[in-house]
Amino acid sequence: MAVQIPYVREIEFEYGAADQVSPLIRRVVAENPSAFTYKGTGTYIIGRGKVAVIDPGPMIDAHVEALMRALKGETVTHILITHTHSDHSPAAAPLKKLTGAKTYGYGPHGSGHKGEDLKVEEDGDMGFVPDVEVRHGDIIQGEGWTVECVYTPGHTSNHMCFALREEKALFTGDHVMGWSTSVVSPPDGNMREYMASLRLLLQRDDEIYWPTHGPAITDTKPFVRAFIAHREEREAQIIEQIKAGRTHIKDMVPEMYAAVDKRLHPAAARSVFAHVSGMVEDGRLVTGGAPRLDAEYRLA
């Protein structure tokens, strides 16, 4: 029986409006809906008076203007970036210019791969460099709020979640979303790191997740366990595909993702590539040379 992920997809909002979603959290959703962003990028504002902004979003003037309306009369003290995809970090630049706030993040795009080329994918925001680099366990404090940095590489090598201690809330970026699984696309995405980052969340006591896309997740640990089981099921499917003679990713994807919109099959192929790369690394699969998207894979 296929793993059933308890998706949560219902979300009420108005583009450009600042919705109070909890005592300390407001959300402004950018109008950039797509097959990868769901209804759009949700930018979060923490606190009142002296506030932090999490994931300012894409470079859309109307969204930056909506943020500034929401922040009228307040002081932005911190701009926090979960990771550097183009729907998350680019608006940090105009927001920083308008507010004077410093940016905080793990590092530039690809920086989780030490000593390697940072230009790892087309959708990366290569222009973002945080003013302050943060690491796992770092604490960021503001007026009436405290944020803990939780390093969760996998979706990208520089992915950082942020935990609001006062509400036992975790801003999960694209690491865990309620509406969809996360795309893990090599070379910057890494499935083994992603799985380890999921298991890390099981050790925490967060009571609610606020993803950058879609609604909050309130049943946190069962949801993460379902994500882990789903990924393990995908790897079992890959083994079955190879046993059936489909040894190339392009032949596996139509079978494994038959129920998924074909427009997403290229992204699915990248996800399968992430899986097989990890399976080669741990010795379950073999291929000629380094793993490639177009390589042939066989059971070890």
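The values are calculated or read from the model by the stated rules, or taken from the named source; none is laboratory data. Quick caveat: nothing in here was measured; it's all calculated off a predicted structure. Cβ sites come from the backbone with ideal geometry, for glycine too, and all protein chains shown count toward neighbours. Surface accessibility is based on the protein's heavy atoms, side chains included, excluding ligands, DNA and RNA. Shrake-Rupley method; radii C 1.70, N 1.55, O 1.52, S 1.80 Å.
Taking 0.36 nm per residue of separation and subtracting the Cα-Cα distance, full extension of the segment from Glu281 to Lys50 would add 78.5 nm. Mean silhouette area of segment 70-186, derived from the convex hull of its C-alpha atoms and averaged over all directions, reads 7.9 nm². The residues Lys168, Lys114, sorted by heavy-atom accessible surface at 1.4 Å with ligands and nucleic acids left out, run Lys114, Lys168 from largest to smallest.
Taking one quarter of the surface of the convex hull spanned by the alpha-carbon atoms of the chain gives a direction-averaged projected area of 15.0 nm². Per residue, the accessible area of segment 107-243 comes to 39 Å² when a 1.4 Å probe rolls over the protein heavy atoms. Where both bridge residues fall in the chain, DSSP classifies roughly 70% of the beta bridges as antiparallel.
Here the scattering of segment 140-283 is modelled by Debye summation over its C-alpha atoms, one equal scatterer each and no solvent; at q = 0.13, 0.20 Å⁻¹ the log10 of I(q)/I(0) is -0.60, -1.21. Computed over the alpha-carbon atoms, segment 50-130 gives an Rg to Rh ratio of 1.00, Rh here being the Kirkwood radius from the mean inverse distance.
For Ile239 and Asp261, the difference between the fully extended length at 0.36 nm per residue and the C-alpha to C-alpha distance is 5.6 nm. In straight-distance terms, cross-link reach from Lys96 covers every one of the lysines whose alpha-carbon lies under 26 Å from its own, apart from those fewer than eight places away in the same chain; here that gives Lys39, Lys50, Lys72, Lys119. If eta is 1.306 mPa s and T is 10 °C, what Stokes-Einstein diffusion coefficient results for segment 204-300, Kirkwood Rh from Cα pairs, in µm²/s? Roughly 107 µm²/s, to the nearest whole number. The fraction of accessible area contributed by carbon and sulfur in segment 51-110 is 56 percent, rounded to a whole number (1.4 Å probe; ligands and nucleic acids excluded). As a length-normalised measure over Cα pairs under 8 Å and 6 or more apart, the relative contact order of segment 190-300 settles at 23 percent. A Förster radius of 35 Å, combined with the Cβ-Cβ distance separating Ser22 from Lys114, puts the computed FRET efficiency at roughly 0.45.
Sorted on the mean count of surrounding Cβ atoms within 10 Å across their residues, most packed first, peptides 40-52, 21-33, 281-293, 240-252 read 40-52, 21-33, 240-252, 281-293.
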